[in-house]
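Read the structure below first, then the notes.
The values are calculated or read from the model by the stated rules, or taken from the named source; none is laboratory data. These figures come from a predicted structure and were not determined experimentally. Counting neighbours? That spans all protein chains shown, and the Cβs are built from the backbone with ideal geometry, glycine included. Accessible surface areas use protein heavy atoms only, side chains included; no ligands, DNA or RNA. Shrake-Rupley method; radii C 1.70, N 1.55, O 1.52, S 1.80 Å.
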Amino acid sequence: MVARWVIVGIWAALLTVRVIVVSLHPDADLTVFGIAEGVSIAAGLGVIGFAVLRARSVRRRHADEALARAIRGVDPTVWIVPAAPTPELRETIAAVRPDTELRSRVTWAFGATEASLWELDGRRATRLLVVRWSRVMHVGLEDLPDPDGHGSACAVALHHVRPDDTTAVATFFVRTAAGSDRLLRRGRRLDDLLARLARERIIA
C-alpha cells in the first residue's frame, strides 16, 4: 500500500513539474519528463500486479488454513498435506461422488488409522475419500503429466483395497505449502513424506 502511494506521489510531482516547465518555457524539451512518467507508470502497474497476485496467494492460504482447522476439529491428531488432484484422482472421486468436481487444491489428512481426502466447499469442509491404513498395500511415487500440461510431475500413489475387495490407487500431487499452487518435485521433501506414509502403513 505504501509503495503504491509513493509511486502516485512521484507521478503527481512529475506532472506538476512538467506543467510548471511548460508554462514557463513552452519550447522546452520534455523528453526526460516523458521517460520519467513512463517509468513511474510502469512501476505503478508492476506494484499493482504484484499486490493482486499476493492477495490471491493470501486468500488461498487462508482457505487452506481454514480447511486444516476444520479437519483438526474432527481429529486433532492428523497431519495435513496440501495437495492437488491428478486426473486419476478426479476420475476416482467422480465415480464415487458424481455430484462432486474436484477443485485444483485439495488436502490430505493422515491419521493413526486412515488417510482422508478433504476439500473446502464454500465454508464447509467436505471429506471425499477415506483409505484405511490396514487396506493400503503399497505407497510409492509416480511420474504423471503436470496439471498445467508442462512436462511431468511426481505424484504420491496409495495402492489400496476397497471395501468391496477390489484394488484401487489414489494418486495426488503434493503442493509446496498451504496456499501455494507449486508442486513438489522429486527430492528430499517427497522422499521424507513417502517414508512417513510407509511408517504409518506399517504401524497401522
For the list (1) open to solvent by less than 40 Å² (accessible area, probe 1.4 Å); (2) closer than 22 Å to LEU197 by Cβ, I need the number of the one condition that HIS138 fails. (1)
Answer yes or no: is there a residue in the range 146-160 that is modelled with pLDDT of 95 or more, touching a Pro at 6+ places or on another chain (Cβ under 8 Å) and not basic (Lys, Arg). no
Find all pairs meeting these conditions: Cβ atoms under 6 angstrom apart; at least six residues apart or on different chains; first residue within the range 64-93 and open to solvent by less than 30 Å² (accessible area, probe 1.4 Å); second residue part of a helix (DSSP H, G or I). PRO82/ASP64
Determine if the range 98-115 includes at least one residue that is acidic (Asp, Glu) and open to solvent by 70 Å² or more (accessible area, probe 1.4 Å). yes
Does the range 179-204 hold any residues that are open to solvent by 40 Å² or more (accessible area, probe 1.4 Å), within 17 Å of the chain's Cα centre (by Cα) and not basic (Lys, Arg), and which are they? ASP181
Scanning the range 177-189 residue by residue, those in contact with a helix residue (DSSP H, G or I) (Cβ under 8 Å, 6 or more places away or on another chain) and either of a type in the set (Phe, Trp, Tyr) or free of Cβ contacts under 8 Å to residues at least 60 places away in the same chain (or both) turn out to be LEU184
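Is it fair to say ASP148 is at negative phi, without any contact (Cβ under 8 Å) to a residue 12 or more places away in the chain and exposed (fewer than 11 other Cβ atoms within 10 Å of the Cβ)?
On the way: at negative phi: yes; without any contact (Cβ under 8 Å) to a residue 12 or more places away in the chain: yes; exposed (fewer than 11 other Cβ atoms within 10 Å of the Cβ): yes.
Judged against the criteria, ASP148 is a match.
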Name the single residue, out of those in the range 151-177 being of a type in the set (Gly, Ala, Ser) and within 17 Å of the chain's Cα centre (by Cα), that is surrounded by the fewest Cβ atoms within 10 Å (Cβ to Cβ). ALA177
The residue that is nearest to GLU200 (Cα to Cα), considering only those in the range 77-110 that are in a strand (DSSP E or B) and not β-branched (Val, Ile, Thr), is PHE110
